[in-house]
Amino acid sequence: MMLVNWLISVINRRIMKLLVALALIAYIASVWGTYTNMRSIQEHGETKIEQRIDEAVAPLREKIRDLELSFTQRYPPVKFLSEKDRKRILITGGAGFVGSHLTDKLMMDGHEVTVVDNFFTGRKRNVEHWIGHENFELINHDVVEPLYIEVDQIYHLASPASPPNYMYNPIKTLKTNTIGTLNMLGLAKRVGARLLLASTSEVYGDPEVHPQNEDYWGHVNPIGPRACYDEGKRVAETMCYAYMKQEGVEVRVARIFNTFGSRMHMNDGRVVSNFILQALQGEPLTVYGSGSQTRAFQYVSDLVNGLVSLMNSNVSSPVNLGNPEEHTILEFAQLIKSLVGSRSYIQFLPEAQDDPQRRRPDIRKAKMLLGWEPVLFFVVLTVGSAGGRAEQNYPVLQQRAGTSSQ
Ligand SMILES: O=c1ccn([C@@H]2O[C@H](COP(=O)(O)OP(=O)(O)O[C@H]3OC[C@@H](O)[C@H](O)[C@H]3O)[C@@H](O)[C@H]2O)c(=O)[nH]1
């Protein structure tokens, strides 16, 4: 009996050990199974998430690539200037019609250019091709408020220039040309910069002297609708010479005559853009008065070359910059009509008050002291008639023989 009991206990212990061993193996297997299962779920999940992220990011990657391409845009070619020759130049009104062409020239010449504009008539679009360039800075600022920067030269162009624009808010035009000019002269004095004022042929008013030379004092109605601009520019000139005499500021004064060219705003209101727009749209060309009043138009690139020559000259007295080729406004209307090939008719409207009747620059001073004269002329080129083709007129800018456009 005892033997039987002993055998049973031995068997039980073995079975117990076996059972415990089996239980242990089962436990380890189950833990291992769970672990490997979890890993595969996790890995699978991770791949799925990665895939999803990739899918979501793909279009963004393309956008980023496009943006990078736009950031690494090509700028117009810029000359290299040594530290000694490179100037820090401020252009007020630098996003405007003339200002933006001047910006192009000075940037391409290798200078550091800061454009200040309040975008009343200027457009960011006019200088956007320089945005991001290391030599270029654009500041949204109104010159009626003081400006504190360090510069070597200031081209002070800020002011509306088209009659409808400057008459739109005469007080603002006066503030820009008076307080704005004082601020810029104050800046020139503080930093020792040279300032060039963009003055105008309008300082001669409705002239009694023809053509107008720089010694003529002008004939301006001080209380007429144009006075905010004419008198504003006249006092701006006065301020320049007061700062020159009293404070020793170096000043240059350009009296700019009628100018045309690319980037004139289509709603600018001046005669060239009005006539071109009207002719293109088949609308009547609006001639104010009889059309016998005269003007002489220079191309903007000629003007810009003249401004830079004047700034870098030693001529501190006023200098006319314009094209002496004079035409009546009626002739311009007919010229533009034929250039565009338009069937528009010419409509005569009432004469504008105080409209200067004759204007043509005497540019002998610019020729003699700066060696400058305009080289581009607006001519009509008649093509066709041969081979049965109808004659057609094309607008062309022609260079005067024996000149180079700098
Ligand atoms: O639609 C029009 C616009 C203008 N005109 C006439 O064309 C002539 C030229 O007018 P604009 O408006 O182009 O320019 P203005 O010569 O009167 O003034 C300009 O002078 C020189 C610069 O300083 C300025 O850009 C601007 O003030 C004026 O006789 C005007 O009456 C028209 O007959 N029809």
For Asp142, Asp268, the accessible-area ranking with a 1.4 Å probe, largest leading, is Asp142, Asp268
Which residues qualify? For Gln298, with a placed amide H closer than 5 Å and at least 5 residues away or on another chain, they are Thr259, Phe260, Asn323
To the nearest 0.05, the calculated FRET efficiency linking Arg190 and Ser82 through their beta-carbon distance, R0 being 35 Å, is 0.85
Looks like the range 69-122, by Cα gyration tensor root eigenvalues a ≥ b ≥ c and the a/c under 1.5 rounded cutoff (else prolate when a/b is bigger than b/c, oblate otherwise), is oblate
Scaled by the rule-of-thumb 2.2 N^0.38 Å, the alpha carbon Rg for the range 88-370 gives a ratio of 0.98
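Kindly report the accessible area of the range 88-370 per residue (heavy atoms of protein chains, probe 1.4 Å, no ligands, DNA or RNA), in Å².
Averaged over the residues of the range 88-370, the accessible area is 42 Å².
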Phi-derived 3J(HN,Hα) across the range 224-241 with the Karplus relation (6.51, -1.76, 1.60, θ = phi - 60°), rounded Hz, x for Gly and Pro, is x, x, 8, 4, 4, 8, 4, 6, x, 6, 5, 6, 4, 4, 4, 4, 4, 6
Packing-ranked peptide list from 308-321, 89-102, 235-248, highest mean Cβ count within 10 angstrom first, is 89-102, 308-321, 235-248
With T = 10 °C, eta = 1.306 mPa s and Kirkwood Rh from C-alpha pairs, the Stokes-Einstein D of the range 191-290 in µm²/s is about 99
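Which of the pairs Lys175/Lys245; Lys63/Lys124; Lys124/Lys175; Lys79/Lys172; Lys124/Lys367 have their Cα atoms more than 28 Å apart in this structure?
On the way: Lys175/Lys245 23 Å; Lys63/Lys124 24 Å; Lys124/Lys175 23 Å; Lys79/Lys172 38 Å; Lys124/Lys367 34 Å.
Long pairs (Cα-Cα over 28 Å): Lys79/Lys172; Lys124/Lys367.
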Here the gain from full extension of Arg343 to Leu67, 0.36 nm per residue of separation minus their alpha-carbon distance, amounts to 94.8 nm
Counting only protein heavy atoms with a 1.4 Å probe and every protein chain in place, the carbon and sulfur fraction of the accessible surface of the range 88-370 in whole percent equals 51
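The values are calculated or read from the model by the stated rules, or taken from the named source; none is laboratory data. A quick note: this is a predicted structure, and the numbers were derived from the prediction, not measured. Neighbour counts are summed over all protein chains in view; Cβ atoms, including those assigned to glycine, are modelled from backbone coordinates with ideal geometry. Areas reflect the complete protein model, heavy atoms only, side chains present, ligands, DNA and RNA absent. Shrake-Rupley method; radii C 1.70, N 1.55, O 1.52, S 1.80 Å.
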